[in-house]
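*Asks:* Following this message is one structure expressed as structure tokens.
The values are calculated or read from the model by the stated rules, or taken from the named source; none is laboratory data. Note that the structure is a prediction, hence the values are computed from the model and not measured. Methodologically, a virtual Cβ is constructed for each residue, glycine included, from the backbone with ideal geometry; neighbour enumeration extends over all protein chains shown. Just the protein is used for accessible areas: all its heavy atoms, side chains included, with ligands, DNA and RNA removed. Shrake-Rupley method; radii C 1.70, N 1.55, O 1.52, S 1.80 Å.
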Amino acid sequence: MTKLQQVKAIEISILVYPHLLITSLTLPIEMLRAGEAFAKSHRQQNEFKPLSINLVASSLKAIPNRTGLSIMPDCETVTAPASDLIIVPGIWRNPRPVVSKQQSLVKWLGDSWQQGSHIIGVGTGNCLVAEAGLLDGHPATTHWHYAEQFKRDYPKVQLKPDFFITQSERMYTVASLNALADVIVHIISQYYGREAAQHVERNFSHEIRKPYEDQRYLEGAVDKHPDELIAQIQFWLKNNLTSELTLQEIAAQFSLSYRTFTRRFRQATSQTPVEYWQQLRVQTAKELLASSNLSIQEVALEVGYNDQGHLTRVFKKVLSQTPSEYRTVVRRKLFG
């Protein structure tokens, strides 16, 4: 047996049922497989974990779909493997009839959650997750058209219809296919690292979207970051990207030693101040490259870098491409 065969696969289950939105089934599979392929070719064999993806249904019968494509399940809930990640696709039109007929899947979702699975609910597929009671007392989102019905059917859920993504520990809910793509990119980064995630994002996702962390509603985020002084400094940094002050001088402005500032900032945000400020500058530069006609030099100055070369070095380090290459790709997607 080879080393590759000895590595335990990442087990991913996708629920399938009548009237599912087939794009919310195929898109994550293709993105995950792309991330897997990239990682396989860029990692040492003993570091690579393959994916095992199974379609889980209440029976093994072929499931007709409104697209004309039949879905063949791989296993029933009674034979499905323990799952690291479960994806619950969206449902076409009114989800109530589907939910009422899929109680075995609802029970399996609840059992899998108790066993430690991560779950991503897509659009109205979140009704199946809510039916299992897994969203009670937690934030969630759904397709905007069914938001009011969702509130009536699941009043214990803290519905956040203005957010496309919510996260509550191991539970993710998304309201759209674009949001699903963003969460899958986030999952790929956890499985295979940032480089694999960026590769998939460049090939599948709209590149001017904000990072996953900036879009989601994260349950308990305020409790996890109670440091009001660090929050004030974050606000200052966001609004003073072109400042010539050093981080040591900024810390002094807020009556902190640089050592204390760095320690508290990392405790509050899980990032160093340097990493955070660089992230802000790169994100702003990406938006300017996509939406303005500023030259690369002008973009560099707008985000606080002294010259185009500095911005290019940071871009290549963070995104594995130059600002010019990024602008070309994004504009082709926007206007091509």
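*Asks:* Under 5 Å between amide H atoms, partner at least 5 residues away or on a different chain: which partners does residue 176 have, H built in plane at 1.01 Å?
*Replies:* 123
*Asks:* A further question on this structure: For the range 286-318, list residues with backbone N below 11 Å from a point placed 7 Å from the Cα of residue 274 toward its Cβ?
*Replies:* The answer is none, because no backbone nitrogen lies closer than 11 Å to the label point.
*Asks:* Among 54, 186, 261, pick out the residue whose Cα is farthest towards the positive end of the charge dipole of the chain, where Lys and Arg carry +1 and Asp and Glu carry -1 on C-beta, about the Cα centre.
*Replies:* Farthest towards the positive pole: 54.
*Asks:* Measure off, as a whole percent, the carbon and sulfur share of the 1.4 Å-probe accessible area of the chain, all protein chains present.
*Replies:* Using a 1.4 Å probe with all protein chains present, the chain comes out at 50 percent carbon and sulfur.
*Asks:* Comparing 135, 25, 301, which has the greatest mean-square fluctuation in the GNM of the chain with Cα pairs linked when under 10 Å apart?
*Replies:* Sorting by GNM fluctuation, first place goes to 301.
*Asks:* If we sort 276-289, 95-108 on the protection proxy, mean other Cβ atoms within 10 Å, highest first, what's the order?
*Replies:* Descending packing order for the listed peptides: 276-289, 95-108.
*Asks:* Report the gain in length on full extension from residue 79 to residue 190: 0.36 nm times residue separation, minus Cα-Cα distance, nm rounded to one decimal.
*Replies:* Computed gain between residue 79 and residue 190 is 37.3 nm.
*Asks:* Would you please put 30-38, 318-326, 75-83 in order of how densely packed they are, using the mean number of other Cβ atoms within 10 angstrom per residue and starting with the highest?
*Replies:* Packing order, densest peptide first, comes out as 30-38, 318-326, 75-83.
*Asks:* Which value in nm describes the separation of the simple spin-label points at residue 72 and residue 94, placed 7 Å from the Cα toward the beta carbon?
*Replies:* 3.4
*Asks:* Quick one: 3J(HN,Hα) in Hz for the range 255-270, Karplus 6.51/-1.76/1.60 with θ = phi - 60°, rounded, Gly and Pro as x.
*Replies:* 6, 10, 6, 5, 4, 5, 4, 4, 5, 5, 5, 5, 4, 6, 10, 6
*Asks:* Label-point separation (nm) for residue 320 and residue 104, each offset 7 Å from Cα along Cα-to-Cβ?
*Replies:* So the label points at residue 320 and residue 104 sit 4.2 nm apart.
*Asks:* If I model a spin label at residue 153 and residue 253 as a point 7 Å from the Cα along the Cα→Cβ vector, what separation in nanometres do I get?
*Replies:* Once both label points are built, they end up 5.0 nm from each other.
*Asks:* In square angstrom, rounded to the nearest 10, how much accessible surface does residue 42 have for a 1.4 Å probe?
*Replies:* 110
*Asks:* Name the residues whose placed amide hydrogens come within less than 5 Å of the amide hydrogen of residue 20, ignoring near sequence neighbours (fewer than 5 apart) on the same chain.
*Replies:* Counting only residues 5 or more places away or on other chains, the set is 92.
*Asks:* How much length is gained on full extension from residue 114 to residue 301, taking 0.36 nm per residue of separation minus their Cα-Cα distance?
*Replies:* 62.2 nm
*Asks:* With everything on Cα atoms, drop me the angle between helix 194-204 and the longest principal axis of the chain, reported from 0 to 90° to the nearest 10.
*Replies:* 70
*Asks:* Sticking with this one: Which ³J(HN,Hα) values, rounded to whole Hz and listed in residue order, are derived for the range 99-109 from phi using the Karplus coefficients 6.51, -1.76 and 1.60 in 6.51 cos²θ - 1.76 cosθ + 1.60 with θ = phi - 60°, glycine and proline given as x?
*Replies:* Working through the residues one at a time gives 4, 5, 9, 10, 5, 5, 5, 4, 5, 5, 4 Hz.
*Asks:* Where Rh denotes the Kirkwood radius from the mean inverse Cα pair distance, what is Rg over Rh for the chain?
*Replies:* Ratio value, two decimals: 1.01.
*Asks:* Pop out the ³J(HN,Hα) list for the range 170-182 in order, Karplus 6.51 cos²θ - 1.76 cosθ + 1.60 with θ = phi - 60°, rounded to Hz; leave Gly and Pro as x.
*Replies:* 8, 10, 10, 10, 10, 9, 8, 5, 4, 5, 4, 4, 5
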